[in-house]
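Taking it in order: structure first as structure tokens, then the write-up.
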Amino acid sequence: MATEIEIKRLLDAHGYERLRRHLDSLGAPERQEQVNHYLDLPDAALRQAGAMLRLRVIGERLVLTLKARANVSHGVLQAQELERELTTAAERTFWLQRPVPWQAAVMRLDDWLTATGLALSAARDSALIEVGSTANLRLVYRLAAGIPGWPLPLTLELDHTRYPGGIDRLELECEHVHAHELAPLLDAWLTRLDVVGAHATETKYAQFLRLASMPPALRATWE
């Protein structure tokens, strides 16, 4: 099972725009308009087991992702991750229905659940429901020459995530096997660009769950 290791830096509006303009000057990004649909059992069994099941829509593409045991420390995410793109009409139709029959879903996810060691017991007639969704604009920059201090190819992603209620999250992400060694060089580079990148302390999904649990009045004034 793959281990995802990713640097995550939260940006304010000024820093986001300043960094975007700088990266645009290095080359045009790949633009991805994404909608993330989060699925769970009615009793939140996946969340309670420390897992997230997400169906991501990117234009006409559908990508199913299971993440488990996610941990964010010092702005670096580590998680177990399994992912596949849904390419057949049958798979696309199955995962787009609401609710998603649990027993049939287990048959499709059996290898994933085994790989993560997740032990989930749910009634045969139970179903996966959509607990909510977020919209995300991702700008993907592939830097052939890397950044100062790291002259190797790097892929940087600028995310603008919109949560229900109109709350935004602006973020720089860099997935890399050597994330811990790369992180201080990335921070130094941001500082030279006059961009403040705060260490993320939670994943996008964790933030989604936290915001969803807030009373509407508090959520409306959260930022």
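Of note:
- Pairs of Cα atoms nearer than 8 Å and 6+ residues apart set the relative contact order; for the chain it is 30 percent.
- Most mobile listed residue (HIS160, HIS74, HIS22) in the chain, GNM with C-alpha springs under 10 Å: HIS22
- Per residue, the chain reaches -9000 deg cm²/dmol at 222 nm when only DSSP H runs of four or more residues are counted, each adding -39500 (n - 2.57).
- Net charge over other residues, Cβ less than 9 angstrom from the Cβ of GLU173 (K, R count +1; D, E count -1): -2
- More than 19 Å apart - percent of Cα-Cα pairs taken over the stretch 67-204: 66 percent
- When you work out D = kT/(6 pi eta Rh) for the stretch 112-189 at 4 °C and 1.567 mPa s, using the Kirkwood radius from C-alpha pairs as Rh and the Stokes-Einstein form, the result is 80 µm²/s.
- Shape class for the stretch 1-131: prolate, because the ratio a/c of the largest to smallest gyration tensor axis (alpha-carbon atoms, square roots of eigenvalues) is 1.5 or more and a/b beats b/c.
- Choice from LEU172, LEU26, LEU41 showing the highest fluctuation, given a GNM over the chain with Cα pairs closer than 10 Å: LEU26
No lab work stands behind these numbers, since they all come straight from the coordinates. Keep in mind it's a predicted model, so treat the numbers as computed, not measured. Every residue, glycine as well, gets a Cβ built from its backbone with ideal geometry; the counts of neighbours run over all protein chains shown.
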